[in-house]
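Report on the following structure.
The values are calculated or read from the model by the stated rules, or taken from the named source; none is laboratory data. Keep in mind it's a predicted model, so treat the numbers as computed, not measured. FYI the Cβ positions are ideal-geometry reconstructions off the backbone, even for glycines, and counts take in every protein chain you see. Side chains included, ligands, DNA and RNA excluded: accessible areas come from the protein's heavy atoms. Shrake-Rupley method; radii C 1.70, N 1.55, O 1.52, S 1.80 Å.
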Amino acid sequence: MKKHVFINIIYFLALVILIGGCGDNKTPEPRNINLFFNVVDDNNKNVAGAQLYLFNTEADVNASIASMQALNAIDSTQSNSNATGTNAQFAISSDKMYWLYIKYNDNFRKLTLTNEGFSNTINKLPKDLDVTVKIRLSPINGNIAFWSPDVNIFPITIQFEKQTYNFATSGEPENALSPVGLIVNRRAGAFKYYAKNDHGCVWTGTIDLKKGEFKTIQIQKCSVGELVFWSEEINKTFMPITIILNNADTLATLNSYTSGFVCGNTDNSILKTYREQGSYTYFATASNGTCIWTGTFDLNTDQCTAVKLDACK
């Protein structure tokens, strides 16, 4: 009889241990967490309309930051105004890590603000919490404002970052929405530009643009004179005639003749261009190579210099 009691006690203890062991190894169910965001800009002003994106992996958020597009986001929401500022909310699981990308377009300053450069990792949080986080965004780009006083001749063409732009209004822009000049938006960095107009003026330079910067680049006054090459009918058999300045600067060809030319006249039978003030040499050759013209001239700012190619000897 005692033997049976002893066996029963062992069985009971084993059952208790088994049940207790199962209870200890049970994985707690993840709980949802309400994660609230108060979004502000670089001036600490509340931002309504910022787009928030949630990701499962760091690779996805890094790809989205690089492309400025949400790639493989698992959830998104937008910040809205409320009595205390701006608010956006995600319901997330307590047993996971997440990554966050926030993007806001400031339409007045023409800037894109993100959380790039700040922590974008949401670590595992205790369950059954309401967590509020203040997120401050910063610009990733800036604006370059090209402008010119009215002493230059418009339009002015800007070649910048493999793109070509034109502007035809004088005056210095005051902000990114200004109607004068040319405003180009770019990520922060160093850039080279090349500018010109139809009167032979050329401007070049390098720009160092900082994040959030509104940088003005003035196109300085260009000191050029008008240069005209012309010839009479006696040279028509040698046309077109190629003209080179200072052994390096090839102009367009002279293709036709005229009975005479005076500065100020409009004549399609001449070769007209613009160059900076200075002393020049010219070398002109006939299309058949049988005739050459050479000479020198001085060109003055805002004045016309006419060079006649005389009869070939």
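In table form, for the structure just shown:
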read-out	value
Global form of the stretch 150-193, assessed from the alpha-carbon gyration tensor, a/c cut-off 1.5	oblate
Unit charges on C-beta of K, R, D, E only; dipole of the chain, Debye	1440
Entries of Lys196/Lys236; Lys45/Lys96; Lys103/Lys196; Lys110/Lys162; Lys162/Lys196 with Cα pairs more than 26 Å apart	Lys196/Lys236; Lys45/Lys96; Lys103/Lys196
Heavy-atom accessible area ranking, 1.4 Å probe, most first, across Leu299, Leu71	Leu71, Leu299
Helix 2-24 vs. the chain, principal-axis angle (Cα, 0 to 90°, nearest 10)	20
Distance between modelled label sites at Arg186 and Thr294, nm, 7 Å Cα→Cβ extension	4.3
Projected label distance in nm at Thr84 and Thr132, using a 7 Å step from Cα toward the beta-carbon	0.1
Backbone N within the stretch 80-105 under 16 Å of label point (7 Å from Asn175 Cα along the Cβ vector)	105
Accessible-area order (highest first, 1.4 angstrom probe) of the listed residues Met239, Met68, Met97	Met97, Met68, Met239
Separation of the Asn56 and Cys304 label points, Cα + 7 Å toward Cβ, nm	7.5
Gyration tensor (alpha-carbon) shape descriptor, the chain, a/c threshold 1.5	prolate
With all protein chains modelled, accessible area of Ile156 [1.4 Å, Å²]	0
Length released on extending from Asp198 to Ile244, taking residue separation times 0.36 nm less the Cα-Cα span	14.7 nm
Gain on full stretching of the segment that runs from Gln220 to Gln159 - 0.36 nm per residue minus C-alpha separation	20.3 nm
Contact order normalised by residue count of the stretch 194-313, Cα under 8 Å, 6+ apart, percent	31
On Cα atoms only, tilt of 58-67 relative to the major axis of the chain in degrees	20
Prolate/oblate/rounded call for the stretch 77-194, Cα gyration tensor, a/c under 1.5 rounded	prolate
Cross-link partners of Lys221 among aspartates and glutamates (Cα-Cα below 15 Å; sequence separation of 8 or more within a chain)	Asp150, Glu172, Asp198, Glu276, Asp302
Theoretical FRET efficiency, 1/(1+(r/R0)^6), r = Cβ-Cβ of Asn46 and Lys96, R0 30 Å, to 0.05	0.55
Trp293 accessible area, assembled protein chains, probe 1.4 Å, Å²	20
Probe 1.4 Å - accessible area at Cys312, Å² to nearest ten	40
Selection from Val133, Pro155, Ala168 lying farthest towards where the dipole of the stretch 90-173 points positive, charges on Cβ	Val133
